[in-house]
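This report concerns only the one structure given below.
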Amino acid sequence: MPNSVLGKQSITSVAIIGLGYVGLPTALALHAGGLRVLGIDRSHQRLAAIQVGDVDLIAADANRLEASLQTGGFELTSDLSRLTEADAVMVCVPTPIDRYQTPDLGPLQGACDTVVRYARKGQTIILTSTSFVGTTAKLLVDPLTAKGFTPGEDVFVASSPERIDPGNVTHTQRDTPRVLGGVTERCAAMATRVVQVLTPIVHNVRSPEAAELTKLYENSFRAVNIALANEFADICAGLSLDPMEITAAAATKPYGYMAFYPGPGVGGHCIPCDPHYLLWQLRATPTAAPLVAQAMDAIAQRPKQVADHVVNTLSRTGKAIAGTRVVVVGVAYKPGVQDVRSSSALDIIGHLLDQGAQVDYFDPLIPQVTLYDDSSVKSAVRPRGTDWDAVLIHTVHPGHDYQWISDCPLVIDATHRFDSGPEKGLQACAA
């Protein structure tokens, strides 16, 4: 979008705080749209990786990165004080949960504190991170007001939660509508000018709180339906039916049904985390969300169920799990990404190790992982099916050779989509 269409109070530069899976594609899209971009990240290692293109991006964004690094108006830094240079600031830091499924607000709190510290009159500040309802007010509006700013008059604040699906080349950022809620109408108008550079389809809601709850609703919806898909996979196994066949048949209905598929568990940045921000907030209110809570509990239990299925399958073939050689195929949380955040594969490996199995993994995109006991494991380099007693299919990346799997004596398919091997019907979900 040319800068001339941004209005009388022009926005020509944007600072992005956090250059991860959301921040970097966002920075590249804004630069491609004609804005000067200042990418800020505290990790010097991350900045160095971006500079040489050693980052996990879809092909279109990889091309954008190469072009941005060779042209002007795209700068990377760890200097937080340079936030004052930007007309607009977008906060794109992660909002994880801890081992007790409690929101870890440290990164977001730190980023917002920094924004407030360096805020100047006329800036537009947009929170894109997913968090509890009222985050924008608590972490930005209230401290900005305490500092002497008046949101809507001399600073403009809004929430527009990200909608980026890593590795997805079908639903691009530009083609995906964005929900946006401003503190005031003028805040919404100023923030919309920025977000419209990312996508022309901006759906305005009345407040930041409405935008925040919208994002929590989206991913709670997915969590509940994934849990249901897993449950139906269990039902199918008990009735000796193929859950993929049943799902495909149900999906022929053109209304009232949306297909969700079973697999080995959920992972990544959204589904395992976001609904817990809602559940955490509701603990202090009279309102309960039993359906969401039960779905998240089912999702949390899924890796153990997969590991137990491996144990039971081996037992039916006369093998004890202790000492048995098992290889997990794919530890990324979804196909086509170099991302193991909250991957169910790590939990599954942990459960199998706890029961005495000898566990390896093969993932052509993930050369090494750190397990929850802080031990490091490297991917098998030239796998042979005969090296193991059993193969568990967790994540299959497109464009890679898995023919060796057919040589393994026992193949357990947790994706319901891998054709090789005699063992079918393992129920779980890869989202």
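Residue by residue through the range 337-353, what is 3J(HN,Hα) from phi via Karplus (6.51 cos²θ - 1.76 cosθ + 1.60, θ = phi - 60°)? Round to whole Hz and write x for glycine and proline.
10, 9, 9, 10, 4, 6, 5, 5, 4, 5, 5, 4, 4, x, 5, 5, 5
How many percent of DSSP beta bridges within the range 3-206 run antiparallel, rounded to 5?
Around 10 percent antiparallel, to the nearest 5.
Which one of 179, 411, 169 has the biggest mean-square fluctuation once the chain is modelled by GNM with Cα springs under 10 Å?
Maximum fluctuation in the GNM of the chain, among the listed residues, is at 169.
Rank these for me by crowding, 402, 100, going from fewest to most other beta carbons within 10 Å.
Result, fewest neighbours first: 100, 402.
How do 366-377, 260-271 rank on mean C-beta neighbours within 10 Å, highest first?
Output ranking for 366-377, 260-271: 260-271, 366-377.
Which order do the peptides 148-154, 302-308, 213-219 come out in when sorted by mean C-beta neighbours inside 10 angstrom, highest first?
302-308, 213-219, 148-154
Using only helices, what value at 222 nm comes out for the chain when you add -39,500 (n - 2.57) per DSSP H run of length 4 or more and divide by the total residues, to the nearest 500 deg cm²/dmol?
Value at 222 nm, helices only, nearest 500: -11000 deg cm²/dmol.
Alpha carbons only, please: Rg and Dmax for the chain, in angstrom.
Final numbers for Rg and Dmax: 23.2, 76 Å.
Please rank 203, 397, 276, fewest neighbouring Cβ atoms within 10 Å first, as an exposure proxy.
203, 397, 276
Cα-based Rg of the range 207-431 per 2.2 N^0.38 Å, rounded to two decimals?
The reported ratio for this selection is 1.05.
In which sequence would 388, 404 go, from the one with the fewest C-beta neighbours within 10 Å to the one with the most?
If I rank by nearby Cβ atoms, fewest first, I get 404, 388.
What is the P(r) of the range 3-206, as percent of Cα-Cα pairs per 10 Å bin from 0?
Per 10 Å bin, starting at 0, the Cα pair percentages come out as 9, 38, 39, 14, 1.
For the range 1-103, run through the trypsin sites (Lys or Arg not before Pro) and keep only the ones in DSSP coil with at most 10 other Cβ atoms within 10 Å of their Cβ.
8, 99
Readers should treat all values here as calculations from the given coordinates under stated rules, not as data from a laboratory. Just so you know, these numbers come straight off a predicted model, no measurement behind them. Cβ atoms come from the backbone with ideal geometry, glycine included; neighbour counts cover every protein chain shown.
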